[in-house]
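K.L.:
Encoded as structure tokens, here's the structure I'll be asking about.
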Amino acid sequence: MTRKATRKTTNVELLNQLRDVLGGRRVSRGETDRLNYGRDLWPRSLLEVRQGQVPHQPDMIVWPETTEEVSRVLRICNEMRVPVVPFGAGSGLCGAAQPLCGGVVLDTKRMARIERIVPETQMIVCQTGIIGAHLENELNRHGLTMGHFPGSFGTSTLGGYLATRSAGMAATGYGKIEDMLISMQVVLADGSVNRTRTAPRRATGPDFNHLFLGSEGSLGVITSASMRAHMLPEARAYRALSFKKMDVGLAAVRQMLRLGLRPAIARLSDEADASTTLHALGVEAKDCVLLLVFEGRVARVDLEMKKALAIARELGGRDFGEATAQRWYGRRNSEQYRQSPLMTEEKLLLDTVEVSTVWSNAAHLYTAMRKALSKKVSVLGVMPHAYPEGCSLAFTIISRAGSADDLAAYDAVWRLALDAAAQAGGALSHAHGIGRLKFDRLARQSPVAVELLRGMKRRLDPNDILNPGKLAPCTEGAC
């Protein structure tokens with residue numbers, strides 16, 4: 001008997017058992033809920049909605065509040081061979097939260113309790129359904145910050161960060177989510193609960209945290225985590241600098257990091273992105289623009305900004321002050337929330353292609369990607385994150401849509417983008433994950449890695465109930 005047939009014959013029994021665990025109000029199979037949980041913010045899904053389609057809907061949604069409840073839900077679903085899709089806030093951009101096989105969507109947002117904040121050790125322990133902005137607000141009350149600010153800051157969860165290996169806007173200064181993780185509690189498909197050891201570092205073989213980091217809900221459900229926090233900065237300094245060419249701006253950032261400078265944010269926009277982004281702030285810009293934010297102790301902030309400005313001047317950069325960078329910083333999270341109305345009301349095809357590479361290849365990758373994408377769509381380019389060894393590059397793609405061919409056009413643009421990235425030596429994803437969007441390309445580019453992932457999937461989830469069809473499916477055509 002196939003999984004689908006099994007699910008149909010046990011729907012009432014499943015509903016009753018889940019209600020026994022969670023009560024009637026935390027289990028739903030209402031049509032509105034099923035529609036709402038049939039997608040995340042993958043732009044392709046928004047195009048489908050515009051055409052009146054939500055092709056993948058769950059059979060029901062559950063809202064657990066504790067690790068024990070998650071364990072019991074998974075045990076029931078595993079015994080009945082019912083798919084389970086962990087769901088944070090649904091702000092992912094690659095379709096990772098789509099319930100391809102129906103089943104149960106497990107919404108974690110009621111698991112939002114902060115268990116412990118220890119300012120002396122700058123460590124926090126909390127459930128992973130907490131919204132990032134809510135966690136940050138509470139940390140600020142204790143003089144701390146996570147330093148993790150993705151574009152979806154107000155509509156994304158800690159569990160989502162961990163499950164997709166997220167990087168925030170201040171990753172240059174504070175690191176990425178994997179740099180902040182100490183330990184986690186994970187519920188496996190059979191309902192067993194496992195916690196990795198809480199210690200600053202371990203030399204006891206492979207780090208099992210990394211088995212679940214980036215696993216997109218396909219290997220286990222992360223229910224709580226111990227995280228590193230940072231002291232709130234004593235001071236913050238802002239600057240906007242312009243450069244005639246993108247490669248010169250890239251060279252300036254590379255030189256800053258090479259000399260040990262660590263801006264919290266170093267965001268370099270090409271001419272197209274700068275004219276669009278800064279125009280919205282009332283600033284006319286014709287060149288590439290680098291926005292710098294340094295934060296920390298007053299003396300260090302002043303010194304690092306002074307050195308950064310000296311490097312920019314040596315490379316022909318023009319300093320046009322603090323105000324532009326301050327205005328951008330105040331509105332830095334607003335762009336992502338405009339995506340859905342732009343696509344649905346103004347009928348645009350809009351998405352972001354994000355890749356990464358080492359510094360020696362950055363200018364080449366930027367040029368190759370921009371040239372390829374410009375053949376089909378309007379392109380805005382930006383370097384949103386930088387590290388000592390390299391950087392990420394992101395390309396906002398925009399075109400007029402509103403026809404029956406939108407989905408085919410979207411797919412064609414992404415094939416072109418991923419081909420260009422692969423040929424120019426770029427990584428397929430820097431921070432958005434894989435989901436449905438990039439899995440086929442991942443399997444082609446890294447077949448050995450995918451086969452290893454499938455082996456782990458077979459061991460940890462032999463019935464393939466956790467987010468089937470994503471990242472490391474262990475059965476073919478199971479849905």
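K.L.:
Rounding to the nearest 10 and keeping the result within 0 to 90°, find how far the Cα-based axis of helix 298-314 lies from the longest principal axis of the chain.
P.N.:
Result, in degrees: 60.
K.L.:
How high is the FRET efficiency from Arg400 to Glu120, r the C-beta distance, R0 45 Å, rounded to 0.05? Write out the running numbers ahead of the final one.
P.N.:
Working: r = 56 Å, r/R0 = 1.24.
Using R0 = 45 Å, I get an efficiency of 0.20.
K.L.:
Here's a follow-up. What lysines sit close enough to Lys347 to cross-link, taking a C-alpha to C-alpha distance under 22 Å and skipping anything fewer than 8 places away on the same chain?
P.N.:
Candidates past the 8-residue exclusion: Lys375, Lys376.
K.L.:
Enter the per residue convex hull volume of the range 271-323, computed from alpha-carbon coordinates, in Å³ rounded to the nearest integer.
P.N.:
Numbers: hull volume 4.3 nm³, N = 53.
Dividing the Cα hull volume of the range 271-323 by its residue count gives 81 Å³.
K.L.:
Roughly how tilted is helix 246-258, in degrees to the nearest 10 and between 0 and 90, from the longest Cα axis of the chain?
P.N.:
80
K.L.:
To continue, here is another question. With loop defined by DSSP as not H, G, I, E or B, and exposure as at most 15 other Cβ atoms within 10 Å, which is the longest segment of the chain clear of exposed GluC sites (Glu not before Pro)? Write down the numbers at each step before the final one.
P.N.:
Details: sites that count: Glu120, Glu234, Glu284, Glu322, Glu335, Glu345, Glu346, Glu389, Glu476.
The answer is 1-119.
K.L.:
Does the range 235-330 come out rounded, prolate or oblate by the C-alpha gyration tensor, with a ≥ b ≥ c the root eigenvalues, rounded set by a/c under 1.5 and, if not, prolate when a/b is larger than b/c and oblate if not?
P.N.:
Numbers: a/c = 2.12, a/b = 1.28, b/c = 1.65.
Oblate shape, in that a/c is at least 1.5 and b/c is the bigger or equal ratio.
K.L.:
Still on this model: Please go through the range 372-479 and write out the trypsin sites (Lys or Arg not before Pro) that DSSP classes as loop and that have at most 13 other C-beta atoms within 10 Å.
P.N.:
Working: sites: Lys375, Lys376, Arg400, Arg415, Arg436, Lys438, Arg441, Arg444, Arg454, Lys457, Arg458, Arg459, Lys470; in loops: Lys375, Lys376, Arg436, Lys438, Lys470.
Here the sparse-neighbourhood loop sites are Lys375.
K.L.:
Reachable aspartates and glutamates from Lys306, Cα under 16 Å, same-chain residues fewer than 8 places away excluded?
P.N.:
Once the sequence-local aspartates and glutamates are set aside, what remains near Lys306 is Glu295, Glu314, Asp319, Glu322.
K.L.:
Additional query: With no solvent and one equal point scatterer per Cα, compute the Debye intensity ratio I(q)/I(0) for the chain at 0.07, 0.09, 0.11, 0.13 Å⁻¹ and report its log10, rounded to two decimals.
P.N.:
Log-scaled intensity ratios, in q order: -0.37, -0.62, -0.93, -1.28.
K.L.:
Hey, another quick one. Give the residue list of trypsin sites (Lys or Arg not before Pro) in the range 294-324 that are DSSP loop and have at most 15 other beta-carbon atoms within 10 angstrom. Don't skip to the end; give the middle numbers.
P.N.:
Values: sites: Arg297, Arg300, Lys306, Lys307, Arg313, Arg318; in loops: Arg297.
Answer in residue order: Arg297.
K.L.:
In nanometres, what is the gap between the two model label sites at Glu68 and Val54, each 7 Å from Cα along Cα-to-Cβ?
P.N.:
Once both label points are built, they end up 3.3 nm from each other.
K.L.:
Under 1.5 on a/c is rounded, so check that first for the range 49-131, then, if it is not, pick prolate when a/b is larger than b/c and oblate when it is not; a ≥ b ≥ c are the square roots of the alpha carbon gyration tensor eigenvalues.
P.N.:
Details: a/c = 3.31, a/b = 1.58, b/c = 2.10.
Since a/c reaches 1.5 but b/c is at least a/b, the shape of the range 49-131 is classed as oblate.
K.L.:
Taking the alpha-carbon set of the range 311-469, what are its Rg and Dmax in Å?
P.N.:
18.8, 60
K.L.:
Under a straight-distance cross-link criterion of Cα-Cα below 24 Å, which lysines are reachable from Lys109, leaving out those fewer than 8 residues away in the same chain?
P.N.:
Within the straight-line limit of under 24 Å, Lys109 reaches these lysines: Lys176, Lys470.
K.L.:
Right, something else. Between Val358 and Glu138, what is the label-to-label distance in nm when each label sits 7 Å out along the Cα-to-Cβ direction?
P.N.:
Calculated label separation equals 4.2 nm.
K.L.:
In 5 Å bins starting at zero, report the fraction of Cα pairs in the range 372-456 per bin as a rounded %.
P.N.:
3, 11, 20, 23, 19, 13, 7, 3, 1, 0
K.L.:
By how many degrees, 0 to 90 and rounded to 10, does the Cα axis of helix 406-423 deviate from the longest principal axis of the chain?
P.N.:
It works out to around 60 degrees.
K.L.:
Hey, rough spin-label estimate for Leu259 and Val12, points 7 angstrom out along Cα→Cβ, what's it come to in nanometres?
P.N.:
Going by the 7 Å Cα→Cβ label model, 7.5 nm.
Read the figures in this text as sums done on the coordinates, not as results from a lab. Note that the structure is a prediction, hence the values are computed from the model and not measured. Glycine also receives a Cβ, built like all others from the backbone with ideal geometry; neighbour counts cover every protein chain displayed.
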